[in-house]
Amino acid sequence: MTRIAIYPGTFDPITLGHVDVIQRGLKLFDRVVIGVAENPNKGPTFPLEARLAMARDTFADEPRVQAVAFSGLLVDLARDQGAHAILRGLRAASDFEYEFQMATMNRRLDENVETVFVMAREDYTFVSSRFIREIASMGGDVSGLVPEAALPHVNSLLKGISG
Ligand code: PNS
């Protein structure tokens, strides 16, 4: 049986913290499917296509990682992809409450999908997509915080273009 995990998120943009979690997931699962949520409620800065492209380009050389867009329930995506696990990363205790609620709700929606948490590497505990957007939009240097493949997209925030 192929062990498949969904790694869901808004990825607005993908960070090296996300990449670290995926690499840890690859030690536990045969395949990791990055689920890029459309998430209009969060009002993402980057269009869905750009968020998807950043994820795909980052893992272009890793055949065990795919990225797909989704707009419905996460458990439905898991079912469609044949995944029995949802992968999430924890940075700090402050992440716990939201993650606990989400994992419990997803278990209520589908008992067959297990949420698995891994701890992000210490170097990335302070990295968040929100800070990256803020720093990039104010002209700060975000290299070393986002994957190389995402840099052109993120730096385009400076010019007010996202794509
Ligand atoms: O990176 P984020 O923004 O914390 O990711 C949030 C995400 C995409 C995992 C969450 O919003 C989600 O699962 N959305 C899909 C809708 C859904 O299934 N909701 C019920 C789960 S509580």
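The values are calculated or read from the model by the stated rules, or taken from the named source; none is laboratory data. In this text the structure is predicted, and so the values were computed from the model without any measurement. Cβ: placed from backbone, ideal geometry, glycine included. Neighbour counts: every protein chain shown. For the accessible areas, the whole protein counts, side chains as well, though only heavy atoms, and no ligand, DNA or RNA atoms are used. Shrake-Rupley method; radii C 1.70, N 1.55, O 1.52, S 1.80 Å.
Classification of the chain by its C-alpha gyration tensor yields a prolate form. The axis ratio a/c (a ≥ b ≥ c) is 1.5 or more, and a/b outweighs b/c.
The residues of the chain expose on average 54 square angstrom of accessible surface per residue, using a 1.4 Å probe on protein heavy atoms. Rolling a 1.4 angstrom probe over the stretch 1-120 with all protein chains present gives an accessible area of which 52% lies on carbon and sulfur atoms.
Using just its DSSP H runs of length 4 or more, each adding -39500 (n - 2.57), the chain gives a mean residue ellipticity at 222 nm of -11500 deg cm²/dmol after division by all residues.
I'd like the distance separating the alpha-carbon centroids of the stretch 125-146 and the stretch 1-41, in whole Å. So the two Cα centres are separated by 19 Å.
If only the Cβ of Lys and Arg carry +1 and only the Cβ of Asp and Glu carry -1, the dipole of the stretch 4-162 around its Cα centre is close to 80 debye.
Computed from phi, the 3J(HN,Hα) profile of the stretch 82-88 under the Karplus parametrisation 6.51, -1.76, 1.60 (θ = phi - 60°) reads x, 9, 10, 9, 10, 9, 9 Hz, with x in place of Gly and Pro.
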